[in-house]
Amino acid sequence: MSLNNRKLQYSLAANEAFHQMMGEDESVFLIGQGVKSPWYVGNTARGLLERFGPDRVIDTPVSENAVTGAAVGAAMSGMRSVVVHPRMDFMMYALDPIINQAANWYYMNGGKLSVPIVFWGIINRGGEQAAQHSQALHTILGHIPGLKVVMPSTPYDAKGLMISAIKDDNPVVYIDDRWLHSTEGVVPEEIYEVPIGKGAIRREGNDVTLVAVSFIMRHALEAAAELAQENIEVEVIDLRTIKPLDKDLVLESVKKTGRLAVADSGWKTYGLAAEISAFVFEEAFDSLKAPFVRVTLPDLPAPASSALEKLYYPTTKDIVRAIRGMVNK
Amino acid sequence: MKKYSKDFLRQLYRTMLRIRVCEESLVDPILNGDVRCPVHLCSGEEAVAAGICASLNETDYIFGNHRSHGHFLAKGGRIDVLVAEIYGKETGCSRGRGGSMHLIDPENGMMGAAPIVAGTISLAVGAALASHIRREKRVSVSFFGDGATNEGVLFECMNLASLKKLPIIFVCENNFYATHMPVAECRPECDIADIAKPFNIPNVRVDGNNVLKVFETAKEAVAACRDGSGPFFIEAITYRLRGHVGPDDNIQGTHTDIRPQEEIDMWKKKDPIINFERYLLDNDVLSESEVSEIKREIDQEVREAHVFADNSSYPEESELNAYVFK
């Protein structure tokens, strides 16, 4: 197998990023609930405790606020912290250190002290886990000045964006989705960075621009393949970073296609799809041939019962239907 | 008495007096509207900042709160950049982006301050964690008020710090009021030092208006932390002679109507600076003329700080967007 065609699981790609960054830089450390337990973090932390010891791979009691704050304080004091929240819902306990403290620290102190930290949150949708184990809360964090928010959809990006997030001198929220962890893709063995704030075109097309991110990229690509059978050529953009947004990439595509669809795994109101649609409206209104469409979660909490769950989560079909509707108008 | 050098005692006195004179110099500018940001004066509480910081090295960390002018100065901060910050000037310690509640001086170990009650305690734990990971023996101090003892994160922090044996000193400045609310209305019992006990953290309640007692306690705490026997909890009993925010002293009968006049009068008799000055004079550490000379120097330093702030520019409008990201 050649070096550059090696395939790796998404979760092991992140794991490799930790091994390489912790091996290269003694100031990098991992802290959070369950970092030594595959039950919490799957195989993302495999081998780290054995290699780097409990001082740099710190399993903690359930104290999200204090633990996240400690990770922030350590980052202010010369470390590069990675703090994991194995279920993003529990990260809500830590919004004070994330939003009030880390996001504001550099600005409100006039650039005197930056906070090089990665807030790593894992979304755990589905599985009849109901409303407090499955929320996709990325847009809450994308709203906050001073935070960068990345959401890799491929193993390649999982590694490259984690490395970029760790190397960044600012607070970066890194959000992945448990459903992505077992996916496989090509991951180079060397240390490499995926630039924060840059999206990628995953499929080219001239009829519709479809913007998506993280897990729902899978549905977006399936939808584009299906629509191609009907001669609707969809250009699929993987945002990869939701803050700062790669506006140029989206605008350039919309100017070519004249149509915008956004698929997001979060809620509709005030969500990522609303933000993308708004800036396209502001900056490329004259290019639009049709109203934009948004495929998102409905504005309600996640139900437990699978009978309701299957209605709740957007599917490939929902995206196909939405795009077909806008093209045939 | 004999165990302290004259220089050390003079320095403690100077530290407290610098804080007091600086604080009181802000009263008129606040009242006449030249200072517009919220200012929480620490007049009356100087012995805590001075006593604790005298036990620390330059490389030790401290984190403050909304009332942190004293912490900033006691850790080695300059008065002129403090005053300039309060006036919102580019030369301020936070380049005018933070105001009175966001003071920082990383070169001297003052890592920042923030008014979210208890919000910086976990940050100080994190600095101690960094020191622990790097095996540096640097100590971290978290300054917070009695109000912060009603926030859950303090208890998470004590648990985490004790569990990992981190070199952190929790310093609760108990001034008996959380903004307007007396501590007795906030807590079913008021022996705050006791809250550290269930976490196996050594805890001491100390007269926070007696700078030498604060220093001795802090020295013990610092030694424990450097020795790997941290954390440590200090409750310093003190009182603010001014109101929660601004110069108002919140005397009952005035518009703010919070504190009894007799209570304030009683605490004025316990003024940490006046009492320490008398102690130094009585014990021939300082002469009357030395005291006058120190006062003259500090008055001049503070006056010059205001001139510095006054002569400094506001941040450039073109730099509104600077410092969001590094």
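The values are calculated or read from the model by the stated rules, or taken from the named source; none is laboratory data. In this text, all values refer to a predicted model and were calculated from it rather than measured experimentally. Heads up, the Cβs are rebuilt from the backbone with ideal geometry, glycines too, and the neighbour counts pull from every protein chain shown.
Laid out as a table, the results:
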quantity: Failed criterion for A:GLY185 (all others in (1) in contact with a Pro (Cβ under 6 Å, 6 or more places away or on another chain); (2) within 14 Å of chain B (Cβ to nearest Cβ) hold); calculated: (2)
quantity: Test: residue in region A:4-25 that is within 21 Å of the chain's Cα centre (by Cα), within 8 Å of chain B (Cβ to nearest Cβ) and surrounded by 16 or more Cβ atoms within 10 Å (Cβ to Cβ); calculated: no
quantity: Any pair with Cβ under 8 angstrom, 6 or more apart, that starts in region A:102-129 at a residue that is away from chain B (no Cβ under 14 Å) and touching a residue at least 60 places away in the same chain (Cβ under 8 Å) and ends at one that is acidic (Asp, Glu) and assigned to a strand (DSSP E or B); calculated: A:TRP120/A:ASP176; A:ILE122/A:ASP176; A:ILE122/A:ASP177; A:ILE123/A:ASP176; A:ILE123/A:ASP177; A:ARG125/A:ASP177
quantity: Matching residues in region A:222-238 - criterion: being surrounded by fewer than 24 Cβ atoms within 10 Å (Cβ to Cβ) and either modelled with pLDDT under 95 or among the small types (Gly, Ala, Ser) (or both); calculated: A:ALA225, A:ALA228
quantity: Residues satisfying the stated conditions in region A:239-248, i.e. buried (at least 24 other Cβ atoms within 10 Å of the Cβ) and within 19 Å of A:GLY205 (Cβ to Cβ); calculated: A:LEU239, A:ARG240
quantity: Total residues in region B:129-156, condition of a type outside the set (Ser, Thr, Tyr) and at the interface with chain A (Cβ under 8 Å from one of its Cβ atoms); calculated: 8
quantity: Options A:LEU12, A:LEU30, A:LEU8; residue that is at pLDDT 95 or above, farther than 24 Å from B:TYR61 by Cβ, of a type in the set (A, V, I, L, M, F, W, C) and assigned to a strand (DSSP E or B); calculated: A:LEU8
quantity: Region B:214-267: number of residues that are more than 21 Å from the chain's Cα centre (by Cα), of a type outside the set (D, E, K, R) and part of a strand (DSSP E or B); calculated: 3
quantity: Checking B:ASN283 against (1) touching a residue at least 60 places away in the same chain (Cβ under 8 Å); (2) surrounded by fewer than 16 Cβ atoms within 10 Å (Cβ to Cβ); (3) of a type outside the set (Val, Ile, Thr); (4) under 19 Å from B:VAL48 (Cα atoms), the condition it does not meet; calculated: (4)
quantity: Search result, residues across region A:201-238 that are on the phi > 0 side of the Ramachandran plot and touching a residue at least 60 places away in the same chain (Cβ under 8 Å); calculated: A:SER214
quantity: Pick from region B:286-326, criterion among the aliphatic types (A, V, I, L, M) and free of Cβ contacts under 8 Å to residues at least 12 places away in the same chain, ranking: surrounded by the fewest Cβ atoms within 10 Å (Cβ to Cβ); calculated: B:LEU320
quantity: Qualifying positions in region B:1-34 - out of contact with any Ser or Thr (no Cβ under 8 Å at 6 or more places or on another chain), surrounded by fewer than 24 Cβ atoms within 10 Å (Cβ to Cβ) and over 19 Å from B:LEU281 (Cα atoms); calculated: B:VAL21, B:SER25, B:VAL27, B:ASP28, B:PRO29, B:ILE30, B:LEU31, B:ASN32, B:GLY33, B:ASP34
quantity: Complete set of residues in region A:271-329 that are among the hydroxyl-bearing types (Ser, Thr, Tyr), assigned to a loop (DSSP other than H, G, I, E, B) and loosely packed, with under 13 Cβ neighbours inside 10 Å; calculated: A:SER305
quantity: Output for region A:62-96, where each listed residue is at the interface with chain B (Cβ under 9 Å from one of its Cβ atoms), closer than 26 Å to A:GLY126 by Cα and touching a Leu at 6+ places or on another chain (Cβ under 7 Å); calculated: A:SER63
quantity: Qualifying position, being at pLDDT 95 or above, surrounded by fewer than 21 Cβ atoms within 10 Å (Cβ to Cβ) and of a type in the set (S, T, N, Q), among B:SER162, B:SER122, B:SER140; calculated: B:SER162
quantity: Which numbered condition B:PHE63 misses (of (1) of a type in the set (Phe, Trp, Tyr); (2) in a loop (DSSP other than H, G, I, E, B); (3) crowded, with 24+ Cβ neighbours inside 10 Å); calculated: (2)
quantity: Tally, over region B:270-326, of residues that are closer than 30 Å to A:ASN109 by Cα and either among the hydrophobic types (A, V, I, L, M, F, W, C) or out of contact with any Phe, Trp or Tyr (no Cβ under 8 Å at 6 or more places or on another chain) (or both); calculated: 26
quantity: Given (1) surrounded by fewer than 22 Cβ atoms within 10 Å (Cβ to Cβ); (2) more than 13 Å from every other protein chain (Cβ to nearest Cβ), index of the condition B:VAL48 fails; calculated: (1)
quantity: Answer residue from region B:83-92, given it is assigned to a helix (DSSP H, G or I) and away from chain A (no Cβ under 13 Å) and is nearest to B:GLU23 (Cα to Cα) among those; calculated: B:VAL83
quantity: Any chance B:GLY77 is under 20 Å from B:PRO29 (Cβ atoms), within 10 Å of chain A (Cβ to nearest Cβ) and not acidic (Asp, Glu); calculated: no
quantity: Boolean, B:PHE170 is part of a strand (DSSP E or B), surrounded by 24 or more Cβ atoms within 10 Å (Cβ to Cβ) and either touching a helix residue (DSSP H, G or I) at 6+ places or on another chain (Cβ under 6 Å) or within 11 Å of another protein chain (Cβ to nearest Cβ) (or both); calculated: no
quantity: Strands (runs of 3 or more DSSP E) (entirely within region A:73-191) containing at least 3 residues that are of a type in the set (A, V, I, L, M); calculated: A:80-85, A:117-123, A:172-177
quantity: Meets criteria (closer than 27 Å to B:LYS6 by Cα and assigned to a helix (DSSP H, G or I)) for B:LEU286; calculated: no
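Residue by residue, here is whether (1) in a loop (DSSP other than H, G, I, E, B); (2) at the interface with chain A (Cβ under 7 Å from one of its Cβ atoms); (3) within 24 Å of B:ALA54 (Cβ to Cβ) holds:
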| residue | (1), (2), (3) |
| --- | --- |
| B:ARG95 | yes, yes, no |
| B:SER100 | no, no, yes |
| B:LEU103 | yes, no, yes |
| B:GLY112 | no, yes, yes |
| B:ILE116 | yes, yes, no |
